[in-house]
Every structure is written in structure tokens, then in C-alpha cells.
1. For the range 383-433, how many residues are within 16 Å of ligand 1 (Cβ to nearest atom) and in contact (Cβ under 8 Å) with a residue 40 or more places away in the chain?
2. Can you tell me which of ARG90, ARG77, ARG47 is part of a helix (DSSP H, G or I) and either closer than 30 Å to ALA377 by Cα or within 27 Å of the chain's Cα centre (by Cα) (or both)?
3. Going by the conditions given, is ALA377 open to solvent by less than 10 Å² (accessible area, probe 1.4 Å), at pLDDT 95 or above, more than 15 Å from ligand 1 (Cβ to nearest atom) and in the same structural domain as VAL504 (by TED's automatic domain parsing)?
4. Being of a type in the set (A, V, I, L, M), over 14 Å from THR86 (Cβ atoms) and touching a helix residue (DSSP H, G or I) at 6+ places or on another chain (Cβ under 6 Å) is the filter here; which residues of the range 98-117 pass it?
5. Is it true that ASP339 is within 16 Å of ligand 1 (Cβ to nearest atom), open to solvent by 50 Å² or more (accessible area, probe 1.4 Å) and either at pLDDT below 95 or more than 23 Å from the chain's Cα centre (by Cα) (or both)?
6. Give the number of residues within the range 197-227 that are more than 22 Å from LYS472 (Cβ to Cβ) and over 26 Å from the mean Cα position of the chain (by Cα).
7. What are the residues in the range 457-471 that are more than 10 Å from ligand 2 (Cβ to nearest atom) and assigned to a loop (DSSP other than H, G, I, E, B), if any?
8. Considering only the range 519-541, how many residues are in contact with a helix residue (DSSP H, G or I) (Cβ under 7 Å, 6 or more places away or on another chain) and open to solvent by 40 Å² or more (accessible area, probe 1.4 Å)?
Amino acid sequence: MRRGIAVSPGVAIGTAYVIHEIFVNPDTQRLEDTQITAELANYETARDKAAADLRALEKKVDAQVGHEEAFIFAVHRAIIREPAFTNKIRNWIVEDKMTAAASLHRLLGEYTAMFTKTRDEYLQERLNDIRDVIIRLGSHLNQNPNSGEKPIDGPLIVIADELLPSQAVALGQFDVNGIVTQAGSQTSHAAIIARSRGIPAVSGVKNILRKVKTGDTIVVDGRAGVVEINPNSESLAAFRKLEREFFDLRDQLAANRDDPALTQDGVELKLEANINGVDDAQAAHAMGASGIGLYRTEYLYLTHADLPDEDEQYEVYRNIVANSPNHNITIRTLDIGGDKTVAYLGHDHKEANPFMGWRSIRLSFEHPEFFNTQIRAIIRAASEFPEGTARLMFPMVTTVEEIRKLRSMIRKAYKTLSARKVKICELRIGMMLEVPAAAITIDSMLDLVDFVSIGSNDLVQYLMAADRDNPKVSHLCQPLSPAVLRVLKHVIETCNRQRVPVTVCGEMAGKPKAFLLLLGMGLRRFSMSPSFVPSIKQLASQVSIEQAESIVASVMKFKTTAQVKRYMTRQLEQLAPNLTMLDSN
Ligand code: PEP
Ligand code: MG
């Protein structure tokens, strides 16, 4: 049994499918002599396509971002053309009869071994370039390992260090019942994706890649944060019973999708969904969300082979608005930086503190053209639907001056579109509240925005000075800590007093204990992973506002997170014993 962090509730059993770095399934099969020429040609074609990608990308980045940022793609092209690189691959295909994919995997292994011996940061950065080039080449091989054929029969439990966004997207075609990662935490990619699909998951499990091999039987307990490898028959039988109960509860709750979201005493709530793409928008619909409270547009950039231009973005956004419940959607501008980076925005230089560095709107100000392109695409897409249904939101707002600057950028985008005679409508503009400075001064920001959405994932990490992705400090990065609860209460009460709509769109909104507290603090709008909407709707129907307020009154007196958690576990058991299975500790 291995322990980790419970990141997506429920119990799942399946066959392990181990994803090694970058390649889902490094191919071990040897080529026949008659296949060698074709495999060499396969590699050459991939090389040409990758080089063409890079040329196109360099051109786009040069125009939209800047000359200096575009240079990195010239470097990547040079790596692809590097004789030492190519000769090795050719050699392994011919001499060792390895596939091109397996050769790329071997090459990456060699470079990794070589570069990790050095302490030279510059050289270590170059390893990232080589890795990027190898991923790009791999994605152009005929048998693209990241989107390859079904590897083994499901249901599968995916085991990985951490999932790359592109891998997570590719997994959509497999029968995945659970996810276990070595790195990561509550708010990393794998966790967010697992929750949006309702798949039990555990993250931060030390050494799991060394302990598990593809084909092992794995149990994932996403409530307790436990993973069992090849359990004995009694243990397996007990987990099978729990797994059945989890699926039954999930199916039973899904039946409430058309019911209104009401508390026991009839107060209406807005339960919206967080999405990364059009599949999630459809899932939000299926789960009965009344809208999309957060569309994270950075996934479009992270999974796009190059840089999406205005028309490409417009098409994607329009499709997502069209697929959102009631066309009701809050579109967040690019939140890149921190844990999510793209080379063309100058993220090839490592920052000492990326989460406190150059991320989100901070980099937008430095690349106004790049940023304006996105704003124009969003305005164009939103303008095709009834006015007011699609909104624009900015992440990581820290100061009043930033909001003023953003507003002037939006005015500029409207002007450009008007001059082009494009149909436009006025969008409501919101800020994400994720930075303590903004929480403290929220009263002075409210007359500059139409709504506020609390990004508790970031707010908690900044308040507690504990990295949201570092399992070593996850005991501090706790949304139920007294410090966080006081700040949340202050912000929600201030917004309510000044009559500015306020939502929580961080992961805590979909967690039963946190939901009860937010409700008692006066919150009426929540945005969460689509799969949590049915259970939160059910929980809301079993609690009155008065009960939630009295819970908050008691909790605000506690001095430790442990006290809050213990008390909330008891409250939840009393109010909704039927839902404790969906709570995680
Ligand atoms: C948050 O910080 O709470 C949030 C919703 O944004 P993200 O998780 O994308 O940083
Ligand atoms: Mg955030």
C-alpha cells in the first residue's frame, strides 16, 4: 500500500498502465529487415514536418510576440538538423532495428543522463529544448505514441510521474478508471483532469513508477489517498464493493441534472463548471451545471502544436460558447507561467519563483499584441450569442492600476474590431481574486469590475506561502485553515455588501466541507469540476442557510485546521451521511 494525496474522490480498480516520460508506450518491438527503409523514411518525414512546424511557429511568434522570443524556434530547428542527433537515430533504426519512436526515446534517455550530471543551469535548460524537439518529432511519427492504439484492455489505472496536457487529452480515448501520479497535488493538471472526468485519483505517491509495472492490478482510493498494488483477494473483494457503491452513487446523483439547485429552505444557488475545452463543456451540460464559471483558455495554447492566431482562437471560443449550458460562460484570459509554460513567451529562462514571477496578466502587459489578439478573439466569439451570456475574466489581478490598464486594453480591442466592422457587444468584465493584496483591498477594486471570482487554489498557496504543487508542504496549503477562512469571509461579505456578484471557482467549491462553509459565509455562486455538480446539488438540498451560517459561526472560533476538519467531518456525517463517500480527507 502506498500513500499520497487524495485529489479526486471515489474508488477504482483496474490494470496498471505506466506512462513513461513523454512517450505513452515506448515501443520495444524490433523491425524486420524489410521494414527498415520505410522506418527511415517515416523518420525523415517526421523531421520535415517538425521543421515546417517550427518555421511557421517562428513566423507567428515573431509577428505576435517578438523577435527575441521567436529565436528559440530557430534553435529548435537547428537541433533537428544537427547531424549528431539525426545520425544516432538513423543508426539505431538500421543497426539495432529499433523503431523511430523507440530511438527517440533512447536518445532522450541518453541526453537526460548526460545533462542531469551537470549542475550547470544553462545546460539543464538546453535539455528542455531537446525534450521539446523530441516530443515534436514523436508527434509526427506515423505511430504517434501519444495518440497511439489502445495499449491493453481496460479498465486502466494510469500511472505517471505527472501528466502532460497533451497526454491527458490523448487519454480521453482509453477506458481510464483511475489516475496515480508521482508528482503533483490537488491542483496540478492530472488532478484537475481527473476531477473533471469524475475519475478517482491520488497524486504525490513517492516512487510509484518504480513499484508498479504495466499489467499489475491497482486499487485507487481517492478518498483516503491510498494506492494498493496487487492486493490480496479479500482486500480486492472489499474494494470491489466500495467501487460498486461509488459508481451507484454517481449514477444515482446524475439523475438530478434537470433539478434546480436549491438549499433545503429554497434559496437558489448557481452551480457552474470549470472547463478546459469543449469536451468538458459537454460534460458540464450532462452534469446539470447552469453555466461555465471558468474556462481556462491556456489549455488551448498548451495543447496546440503552434501558436493559435486570432481566427483559430475565435473558432475554438465560439464552439465552446455554443456548447456551454445556456451559452453562459466566463472566459479567462491566458494564465500561463507558474506551473504552465510555453517557450514562445520567453519561458525558456527559469525563474527562481515562477508562481510569484512573470505569470498571467503580468506577461500580458509585456506582450500587448499577443494579448490583444486573444481579447479580440474572445469578444468576437462572445458577440455571436445573446448579450451578457459570455463574460471576460482576468487572472492574478494584484492592483487597481492593473485593472485600469486591462480596461484600456479592452477599449483598444473594441476600437480595432469596430474599425474592421466586426459585430461586437459589450462584455462584462471580471477579476479573479487570487492574490492576498487584492483580497485586502477588494473594496477599492469593486467599482472597476462587474464580478469577482475567487481563485482559491492560488489564494491559498499565496496566503499560506506553500506551493500548491509541492507535496512536501501540502499540510500547509489547506483551504480549511483558519487564515484562509477569515480572508474568504471578508471578501465574500465585502462583495455582497457592495452588490458585486462573487463566485468561488477554486477546487474547494466542489468539496462538501468547504462548500458548506462558503454557503454559510454568504456565497451563492460556485464553480467546480463538472463531475462535482450533482453531489453539491444534492448536498445543498439537505442543508438550510441557517444551518450553514451556524456552522460558520462555530468554525470561525477554531484556531487550527485540524479542528476545522474534524468538526466539518462530523457536520457532514450528520447532514449528509449519503455523501460521505464523495468527500476526501
Ligand atoms: C485558482 O487559482 O483557484 C483557479 C481556479 O485558477 P487555476 O487553478 O487555473 O490557477
Ligand atoms: Mg489560479
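The values are calculated or read from the model by the stated rules, or taken from the named source; none is laboratory data. No experiment lies behind these values; they were computed from the predicted model shown. When we count neighbours, we look across all protein chains shown, and the Cβ atoms used for this are built from the backbone with ideal geometry, even at glycine. All accessible areas refer to the heavy atoms of the entire protein, side chains included, with ligands and DNA or RNA removed. Shrake-Rupley method; radii C 1.70, N 1.55, O 1.52, S 1.80 Å.
1. The initial filter retains those residues of the range 383-433 that are within 16 Å of ligand 1 (Cβ to nearest atom), namely 391-398, 430-433.
This time we only want the ones that are in contact (Cβ under 8 Å) with a residue 40 or more places away in the chain, so: 391-398, 430, 432-433.
Residues in the range 383-433 being within 16 Å of ligand 1 (Cβ to nearest atom) and in contact (Cβ under 8 Å) with a residue 40 or more places away in the chain: 11 in total.
2. Values: ARG90 fails: either closer than 30 Å to ALA377 by Cα or within 27 Å of the chain's Cα centre (by Cα) (or both); ARG47 fails: either closer than 30 Å to ALA377 by Cα or within 27 Å of the chain's Cα centre (by Cα) (or both).
Testing whether each residue is part of a helix (DSSP H, G or I) and either closer than 30 Å to ALA377 by Cα or within 27 Å of the chain's Cα centre (by Cα) (or both) leaves just ARG77.
3. On the way: open to solvent by less than 10 Å² (accessible area, probe 1.4 Å): yes; at pLDDT 95 or above: yes; more than 15 Å from ligand 1 (Cβ to nearest atom): yes; in the same structural domain as VAL504 (by TED's automatic domain parsing): yes.
Yes.
4. Within the range 98-117, the first condition is being of a type in the set (A, V, I, L, M), and the residues that meet it are 98, 100-102, 104, 107-108, 113-114.
Checking the rest, the ones that are also over 14 Å from THR86 (Cβ atoms) come to 98, 101-102, 108, 113-114.
Listed by number, the residues that qualify are MET98, ALA101, LEU108.
5. On the way: within 16 Å of ligand 1 (Cβ to nearest atom): yes; open to solvent by 50 Å² or more (accessible area, probe 1.4 Å): yes; either at pLDDT below 95 or more than 23 Å from the chain's Cα centre (by Cα) (or both): yes.
For ASP339, the condition - within 16 Å of ligand 1 (Cβ to nearest atom), open to solvent by 50 Å² or more (accessible area, probe 1.4 Å) and either at pLDDT below 95 or more than 23 Å from the chain's Cα centre (by Cα) (or both) - is met.
6. Number satisfying all stated conditions: 4.
7. Selection gives ALA465, ALA466, ASP467, ASP469, ASN470.
8. Count: 1.
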